[in-house]
1. Examine segment 320-338 for a residue that is closer than 18 Å to residue 266 by Cα, in contact (Cβ under 8 Å) with a residue 24 or more places away in the chain and of a type in the set (Asp, Glu), and state whether such a residue exists.
2. Would you check which residues across segment 292-327 are touching an Asp or Glu at 6+ places or on another chain (Cβ under 8 Å) and not basic (Lys, Arg) and list them?
3. Let me confirm something: among 363, 381, 338, 343, which residue is modelled with pLDDT under 95 and closer than 30 Å to residue 57 by Cβ?
4. Answer yes if at least one residue in segment 243-266 is more than 20 Å from residue 183 (Cα to Cα), aliphatic (A, V, I, L, M) and free of Cβ contacts under 8 Å to residues at least 60 places away in the same chain, and no otherwise.
5. Any idea which of 316, 328, 344 is surrounded by fewer than 20 Cβ atoms within 10 Å (Cβ to Cβ) and among the small types (Gly, Ala, Ser)?
6. In segment 191-217, what count of residues is obtained for those that are of a type in the set (Phe, Trp, Tyr) and not in a loop (DSSP other than H, G, I, E, B)?
7. Would you mind telling me which numbered condition in (1) surrounded by 18 or more Cβ atoms within 10 Å (Cβ to Cβ); (2) outside the structural domain of residue 222 (by TED's automatic domain parsing); (3) not small (Gly, Ala, Ser) residue 169 fails?
8. Kindly establish whether residue 158 is assigned to a strand (DSSP E or B), out of contact with any Asp or Glu (no Cβ under 9 Å at 6 or more places or on another chain) and within 20 Å of residue 112 (Cβ to Cβ).
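The values are calculated or read from the model by the stated rules, or taken from the named source; none is laboratory data. Note that this is a predicted model, so its numbers are computed, not measured. Cβ coordinates were reconstructed from backbone atoms using ideal geometry, including for glycine residues, and neighbour counts include every protein chain displayed.
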Amino acid sequence: MPICPTHLPKIVTETPLKSTPLNDQHVQLGAKMVPFAGYSMPVQYSGIIEEHLAVRNQAGLFDVSHMGEVSVTGPNALAFIQQLVTNDVATLYDGKALYSAMCNAEGGIIDDLLVYRINELEYMLVINAGNIDEDWAWMQSNNAANAILENKSAEMGLLALQGPASFKILESATGFDASQLKYYHFSSPEPDAFLGLSGVIVSRTGYTGEVGVEIYCAAKDASIVWDALLKAGRAFGIKPTGLGARDTLRLESGFCLHGNDISKSHNPIEAGLGWVTKLDKPFFNGKEVLAKIKNDGPSHRLVGFVVNERGIPRHGYEIQDLEGQSIGEVTSGTQSPILNTGIGMGYVKNTPDFTTPGSQIQISARGKVFSATVQKPPFHIAK
């Protein structure tokens, strides 16, 4: 099945590549390493399809330590984050997280991110690896509330354990039971309840569409957690999993990838992120523009689609109507290991003929055209 790692979105810089705290583990496991967001990252170990299916059926372990973490503290922490992001952070309580967009004054998406409320005076923002420097500069220049900001990205490790066996593996490896942890909630276990490590956060957000946890820890402790999870997970069929399967998994589930499906060229309304854009809350960057877009209706909308015949959609391919007229562009595409057919997402003209599930479109790929059906993700779960 032609799933090619070269089609993964890459953000390559001219500076030397950085390594995550788990680089040695990846090399020892024989991972294929590629440049991604300024880091040397594993794209696959045993193979993308095998790793993908392990996550869907048993469990996969990802190193996502390249992601960025920013600490926001002090009495003005909430005020700062409220004007920074589109979602309503005032709805959070201790141990709760939310997903949001961070927009510029024109409503373009600078980044999508997670907001964790540790307590009333302390929050953690989790941002995309390729955007760390830009996001950090943006936060500093938009800190009229004078919150206390600290970029902790280099100090932290982050692992994602995903798949049906995740909770059993985590408890077997660490003694910590996450089965009662609600979606978009997190816990900070005491050292004696998690491998003797302090400062650990176990959360349930996920980027695969499967049950699972994310484990934040000190960078120096990441290898301890990684080794323990792999050792305990062998009995459950765990696989170390790379960026290749991470991309196919998130696309089957319909999750956006910044730099492909969302960017400063797109706004949350057209990207289907109106649900995290709370226009009834006080001022936030881009609010007036986004309110007008919502009222008038965006010119394009992001839709999902499933290919009806042989053909794999790729980023940048043209989307056409059945007469061959251009109506948009593919932003993400791959061959679904579950469906064994092409799937993708892309922006199309905002008319019912192109945005309604069941609508017929076609993809133009280097002179070849293949048909597709608009479908709302997740693609791999029977409707």
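1. Within segment 320-338 (the criterion being closer than 18 Å to residue 266 by Cα, in contact (Cβ under 8 Å) with a residue 24 or more places away in the chain and of a type in the set (Asp, Glu)), the answer is no, since none of the residues qualifies.
2. Just the residues of segment 292-327 that are touching an Asp or Glu at 6+ places or on another chain (Cβ under 8 Å), to begin with: 293, 298-302, 316-319, 321, 326-327.
The answer is 293, 298, 299, 300, 302, 316, 317, 318, 319, 321, 326, 327.
3. On the way: 363 fails: modelled with pLDDT under 95; 338 fails: modelled with pLDDT under 95; 343 fails: modelled with pLDDT under 95.
Residue meeting the stated conditions: 381.
4. no
5. After ruling out the rest, the residue left standing is 316.
6. First pass over segment 191-217, keeping only residues of a type in the set (Phe, Trp, Tyr): 194, 207, 216.
Next cut, not in a loop (DSSP other than H, G, I, E, B) only: 216.
Of the residues in segment 191-217, 1 are of a type in the set (Phe, Trp, Tyr) and not in a loop (DSSP other than H, G, I, E, B).
7. (2)
8. Details: assigned to a strand (DSSP E or B): yes; out of contact with any Asp or Glu (no Cβ under 9 Å at 6 or more places or on another chain): no; within 20 Å of residue 112 (Cβ to Cβ): yes.
Here the answer is no, as residue 158 does not meet what is asked.
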